[in-house]
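Let me give you the structure first, and then I'll get to my questions.
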Amino acid sequence: MLDLTGKKALVTGVANKRSIAWAIAQALHSAGCEMAFTYQTERLEGGVRKLGESLGVSHYYELDVTNEAHFDALAAGLASDFGGLDYALHSIAFANKEAFDSPFHEITETDFLQAHQISAYSLIPLCRSLRPLLAAGDGGSVLAMTYFGAEKVVPMYSLMGVAKASLEITARYLANDLGPENIRVNCLSAGPVRTLAAAGIPGFRELMRKSEHVMPLRRHITTEEVAQAAAFLLANTGITGEVTHVDAGFNILAAEGQASPA
Ligand code: NAP
């Protein structure tokens with residue numbers, strides 16, 4: 001069993017008990033890791049604190065990733081109150097719900113830029129602001145959540161697939177950039193999980209229902225499985241710039257048409 005006693009992690013993206021970040025926080029807590037949480041707005045602070053307190057989390061910071069000043073305040077707060085940082089989880093994504101209703105070629109500049117700013121670009125200021133803290137220990141680690149729609153066309157995932165592709169290559173460039181400071185940056189590509197963010201994607205339930213029967217494991221993954229892999233990736237000192245799939249094997253399949261013999 002993973003022992004993260006003495007390690008400190010920043011967990012972003014806890015919205016509720018269904019959040020992938022919440023499952024990861026539980027896995028980190030079970031391994032003995034101390035944590036700080038972020039919340040997006042004051043309105044949501046109470047709910048995040050209530051969850052965090054059940055795991056003994058005592059440090060909370062406001063982080064709306066569209067507000068650059070929040071990153072500086074976060075880093076300053078972590079340095080003074082939390083006393084260091086080993087791991088950071090980026091579990092944040094957003095796209096205007098209406099963008100999923102239009103054909104891909106109708107996506108607006110505003111929706112495109114917003115999805116990229118929140119879901120991909122935000123990894124850069126997160127790493128930039130936390131870099132001094134992550135570099136100070138004996139090896140820092142950053143993990144971002146992604147999905148297979150970054151690699152192949154999953155029509156209903158649309159704009160978010162492009163943002164995730166940007167997130168994945170951003171993570172690789174950051175891995176190369178920060179590697180000399182012993183900071184690792186990886187992505188975890190999770191299979192579909194019913195969360196608040198997923199509920200905003202039309203056709204998501206249908207995708208889950210249809211894909212279950214073709215998954216190599218013939219079932220969907222659990223958030224616990226994602227969380228165990230996330231804790232491992234945060235802790236492992238030899239992996240950087242990787243996208244690790246925890247998706248019951250879905251990514252190894254060819255599309256139906258490609259798989260049929262001529
Ligand atoms: P979730 O519980 O809704 O988490 C999404 C988080 O993003 C929420 O905590 C949300 O905060 C936060 N967020 C959105 N805009 C933000 C902003 N401007 N600043 C700071 N935080 C912001 O859904 P989830 O499914 O666990 O998503 C977590 C990550 O996993 C995302 O990157 C998602 O793309 C990825 N992922 C999900 C699946 C899936 O099937 N669910 C599969 C693969 C990857 P508020 O709630 O406060 O708005």
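Under a cut-off of 18 Å between alpha-carbon atoms, report the lysines in cross-link reach of Lys97, not counting same-chain residues fewer than 8 places apart.
Leaving aside lysines fewer than 8 places away in the same chain, those within reach of Lys97 are Lys164.
May I ask you to derive the relative contact order of segment 8-259, considering only C-alpha pairs under 8 Å and at least 6 residues apart, and to give it as an integer percent?
Computed value for segment 8-259: 20 percent relative contact order.
May I ask you to evaluate 6.51 cos²θ - 1.76 cosθ + 1.60, the Karplus curve with θ = phi - 60°, for each residue of segment 83-92 and list the ³J(HN,Hα) values in order in whole Hz, giving x for glycine and proline?
Listing the rounded values in order: x, x, 7, 9, 10, 9, 9, 9, 10, 10 Hz.
What GluC sites (Glu not before Pro) in segment 105-183 are in a loop by DSSP, with at most 12 other Cβ atoms within 10 Å of the Cβ?
none
What's the longest piece of the chain with no exposed trypsin sites (Lys or Arg not before Pro), counting a site as exposed if DSSP puts it in a loop and it has at most 13 other beta carbons within 10 Å?
The reported range is 18-151.
Note the full-extension length gain between Asp177 and Ser80 as 0.36 nm times their separation in residues minus their Cα-Cα distance, in nm to one decimal.
Using 0.36 nm per residue and subtracting the Cα-Cα distance, I get 32.3 nm.
Can you pull the percent of the chain's accessible area that's carbon plus sulfur, 1.4 Å probe, other chains left in place?
Details: 6760 of 12680 Å².
Heavy-atom surface of the chain belonging to carbon and sulfur, 1.4 Å probe: 53 percent.
Here's another thing I want to ask about it. Under 5 Å between amide H atoms, partner at least 5 residues away or on a different chain: which partners does Ser189 have, H built in plane at 1.01 Å?
Counting only residues 5 or more places away or on other chains, the set is Thr146, Thr244, His245, Val246.
Here's something else I'd like to know. With the Cα gyration tensor of the chain in hand, give its eigenvalues times 5 under a square root as the equivalent ellipsoid semi-axes, listed largest first in whole angstrom. The partial results should precede the final answer.
On the way: eigenvalues 175, 83, 66 Å².
Largest first, the chain gives 30, 20, 18 Å.
For segment 8-259, what is the accessible area per residue in Å² when the probe is 1.4 Å?
It amounts to 47 Å² per residue over segment 8-259.
The values are calculated or read from the model by the stated rules, or taken from the named source; none is laboratory data. Computed from a prediction, not measured in an experiment: that's the story for all the values here. FYI the Cβ positions are ideal-geometry reconstructions off the backbone, even for glycines, and counts take in every protein chain you see. The accessibility values were calculated without ligands, DNA or RNA, using every heavy atom of the protein model including side chains. Shrake-Rupley method; radii C 1.70, N 1.55, O 1.52, S 1.80 Å.
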